[in-house]
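Here's the structure we're looking at; comments come further down.
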Amino acid sequence: MSDEVAVLVVDDSALMRNLISRMIEATPGLRVAERAMNGVFALQKIPRVNPDIIVLDLEMPEMNGIEFLKERKRLGLKIPVIILSSIARRGAEITMEALALGASDFIMKPTDSGSEDVGTVKETLTNMLLAYGSQYRRMEGKKVSSPGEYTHKIEVPATEPAHQIKTVTPPSIPAKPPAPLRKPGKTEVIAIGISTGGPDALRMVFANLDADLPTPIVVVQHMPAGFTLEFAKSLDRLCPLEVKEAEEGDLIRPGRILIAQGNRHLEVERKSLAAIVHLTDAPLMSGHRPSADVLFASVAKAYSNHALGVIMTGMGRDGAENLGRIYQEGGITLGQDEATAVVYGMPRVAYELGHVMEQVPLDKMANRICSIAKAIR
């Protein structure tokens with residue numbers, strides 16, 4: 001079909017090319033445009049097959065993924081790229097370099113075609129391809145298959161069968177918001193929950209934060225274990241504030257942004273002399289660890305009406321429920337708007353629940369966060 005998202009699969013392994021291609025062909029709204037064994041062949045095929053998105057391996061002969069991304073940038077190609085990454089430490093470093101060079105997102109390679117994680121990889125990868133590929137098609141003025149279908153999907157609670165997705169209707173009038181227990185006070189912490197589309201979004205927001213922002217930031221970005229350390233380092237290089245992967249007992253202090261570790265929940269605690277973070281291995285919440293719902297709940301409890309909660313692009317509903325606890329305690333809540341979210345899932349559900357005070361476009365998010373944090377109340 002002409003309105004399907006066309007995918008170019010680039011990997012030197014025939015087994016991986018075939019595995020990824022089968023995942024794509026089995027997903028409504030996606031089709032394989034072509035396959036290539038390295039970056040050289042991919043560049044040759046792009047003008048002919050006109051893909052909407054590229055799945056790119058990093059380790060390939062002749063022209064690897066990093067070299068391809070550099071050439072893509074030189075040629076001014078805007079086609080989004082999803083990286084297939086290995087789990088090794090070096091893989092995390094190269095993956096973050098790829099994101100810095102313009103790749104949109106990444107996913108862990110399945111270890112082999114018969115492994116248990118293939119189903120999880122398929123769900124995550126195809127959702128990413130639909131999200132980024134459809135966004136690109138709209139930018140190019142092309143038709144999109146079943147517009148809004150994937151952006152209005154929400155994850156079924158973990159008590160129901162794994163990988164099951166329910167489709168819901170587009171947002172209408174939000175529910176009545178919770179009644180705040182008190183008026184907003186001076187902002188003493190900023191909590192951000194974000195998922196699919198997050199790497200690019202956080203790069204934009206963090207690069208534009210004020211160097212004198214007086215309020216610490218804690219972040220849950222859904223990302224596999226082993227990648228958040230390098231992700232924090234990559235953000236630290238472009239942000240005027242310190243960005244680091246959170247460690248147990250880290251101080252929450254002005255001028256610092258703490259990123260939750262992959263596969264660890266992040267909670268905050270205020271003591272008499274300082275505020276610190278705790279990392280836990282508690283069960284998944286809203287289908288995730290780390291979970292934005294866990295972060296928002298602890299922030300609401302510790303900071304009451306002195307918190308700013310921000311929910312941004314992401315599949316599903318993580319964070320949407322407990323953003324309401326920040327609202328109810330008298331804190332301030334923001335949600336990324338539909339027009340600029342790669343996936344208007346998490347912020348959409350929060351908006352429908354009545355938990356978002358204000359919807360903000362991505363290019364204005366940093367300024368809005370800083371203005372709220374600097375306001376004297």
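The values are calculated or read from the model by the stated rules, or taken from the named source; none is laboratory data. Everything quoted here is computed from the prediction, not taken from an experiment. Cβ atoms come from the backbone with ideal geometry, glycine included; neighbour counts cover every protein chain shown.
For residue 99, are the conditions met, namely being under 22 Å from residue 202 (Cα atoms) and either outside the structural domain of residue 225 (by TED's automatic domain parsing) or in contact with a helix residue (DSSP H, G or I) (Cβ under 9 Å, 6 or more places away or on another chain) (or both)? Yes. Of the numbered criteria (1) more than 23 Å from residue 175 (Cα to Cα); (2) out of contact with any Leu (no Cβ under 9 Å at 6 or more places or on another chain), the one residue 266 fails is (2). Residue 192 falls short on exactly one of the conditions (1) outside any strand (DSSP E or B); (2) at pLDDT 95 or above; (3) within 16 Å of residue 289 (Cα to Cα), and that condition is (1).
Do we have residue 72 as out of contact with any Lys or Arg (no Cβ under 7 Å at 6 or more places or on another chain), in a helix (DSSP H, G or I) and closer than 30 Å to residue 3 by Cβ here? The answer is yes for residue 72.
Would you check if residue 95 is hydroxyl-bearing (Ser, Thr, Tyr), in contact with a strand residue (DSSP E or B) (Cβ under 6 Å, 6 or more places away or on another chain), closer than 18 Å to residue 196 by Cα and at pLDDT below 95?
Numbers: hydroxyl-bearing (Ser, Thr, Tyr): yes; in contact with a strand residue (DSSP E or B) (Cβ under 6 Å, 6 or more places away or on another chain): yes; closer than 18 Å to residue 196 by Cα: yes; at pLDDT below 95: yes.
Criteria met by residue 95.
Scanning region 353-377 for residues that are closer than 16 Å to residue 309 by Cβ and acidic (Asp, Glu) yields one hit, 358. Comparison of 268, 299 shows that the only residue that is part of a strand (DSSP E or B), in contact (Cβ under 8 Å) with a residue 60 or more places away in the chain and either among the hydrophobic types (A, V, I, L, M, F, W, C) or assigned by TED's automatic domain parsing to the domain that holds residue 322 (or both) is 268.
Taking residue 235, is it over 27 Å from residue 324 (Cβ atoms), assigned by TED's automatic domain parsing to the domain that holds residue 368 and crowded, with 21+ Cβ neighbours inside 10 Å?
Details: over 27 Å from residue 324 (Cβ atoms): yes; assigned by TED's automatic domain parsing to the domain that holds residue 368: yes; crowded, with 21+ Cβ neighbours inside 10 Å: yes.
Yes.
Residue count for region 43-61 satisfying the condition of being in contact (Cβ under 8 Å) with a residue 40 or more places away in the chain and of a type in the set (D, E, K, R): 3.
Within region 200-220, take every residue that is in a loop (DSSP other than H, G, I, E, B) and acidic (Asp, Glu) and give me the one that is surrounded by the most Cβ atoms within 10 Å (Cβ to Cβ). Quick ask: steps written out before the conclusion?
The first filter runs over region 200-220 and keeps only residues in a loop (DSSP other than H, G, I, E, B), leaving 208-216.
Filter again for acidic (Asp, Glu), leaving 210, 212.
Details: 210: 15, 212: 11.
Checking each candidate, the answer is 210.
Candidates are the residues of region 340-377 that are among the small types (Gly, Ala, Ser) and touching a Leu at 6+ places or on another chain (Cβ under 9 Å); the one that is farthest from residue 180 (Cα to Cα) is 341.
Residues are listed down the side, and each one gets a yes or a no for (1) under 14 Å from the mean Cα position of the chain (by Cα); (2) surrounded by fewer than 17 Cβ atoms within 10 Å (Cβ to Cβ); (3) over 19 Å from residue 303 (Cβ atoms):
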residue	(1), (2), (3)
196	yes, no, yes
225	no, yes, yes
244	no, yes, yes
250	no, no, no
258	no, no, no
266	no, no, no
274	no, yes, no
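Looking at this structure, is residue 342 at pLDDT below 95, within 22 Å of residue 202 (Cβ to Cβ) and in a loop (DSSP other than H, G, I, E, B)? Explain how you work it out, then say what you get.
Details: at pLDDT below 95: yes; within 22 Å of residue 202 (Cβ to Cβ): yes; in a loop (DSSP other than H, G, I, E, B): yes.
Criteria met by residue 342.
Any residue in region 36-45 that is over 9 Å from residue 8 (Cα atoms), surrounded by 19 or more Cβ atoms within 10 Å (Cβ to Cβ) and in the same structural domain as residue 83 (by TED's automatic domain parsing)? Yes, because at least one residue in region 36-45 is over 9 Å from residue 8 (Cα atoms), surrounded by 19 or more Cβ atoms within 10 Å (Cβ to Cβ) and in the same structural domain as residue 83 (by TED's automatic domain parsing).
Could you check how many residues of region 11-25 are within 16 Å of residue 129 (Cβ to Cβ) and touching a residue at least 60 places away in the same chain (Cβ under 8 Å)? If you could, list the steps in order and put the result at the bottom.
Kept after step one, since they are within 16 Å of residue 129 (Cβ to Cβ), are these residues of region 11-25: 11, 16-17, 19-25.
Subsequent filtering for residues that are touching a residue at least 60 places away in the same chain (Cβ under 8 Å) retains 11, 16, 19-20, 23-24.
The number of residues fulfilling the criteria is 6.
When we screen 341, 350, 320 for residues that are touching a residue at least 60 places away in the same chain (Cβ under 8 Å) and either buried (at least 24 other Cβ atoms within 10 Å of the Cβ) or at positive phi (or both), the only hit is 341. Mind checking whether some residue in region 77-89 is assigned by TED's automatic domain parsing to the domain that holds residue 19, touching a Pro at 6+ places or on another chain (Cβ under 9 Å), assigned to a loop (DSSP other than H, G, I, E, B) and modelled with pLDDT of 95 or more? Yes, region 77-89 contains a residue that is assigned by TED's automatic domain parsing to the domain that holds residue 19, touching a Pro at 6+ places or on another chain (Cβ under 9 Å), assigned to a loop (DSSP other than H, G, I, E, B) and modelled with pLDDT of 95 or more. Candidates in region 335-377 are the residues that are touching a helix residue (DSSP H, G or I) at 6+ places or on another chain (Cβ under 7 Å) and small (Gly, Ala, Ser); of these, the one that is farthest from residue 322 (Cα to Cα) is 366.
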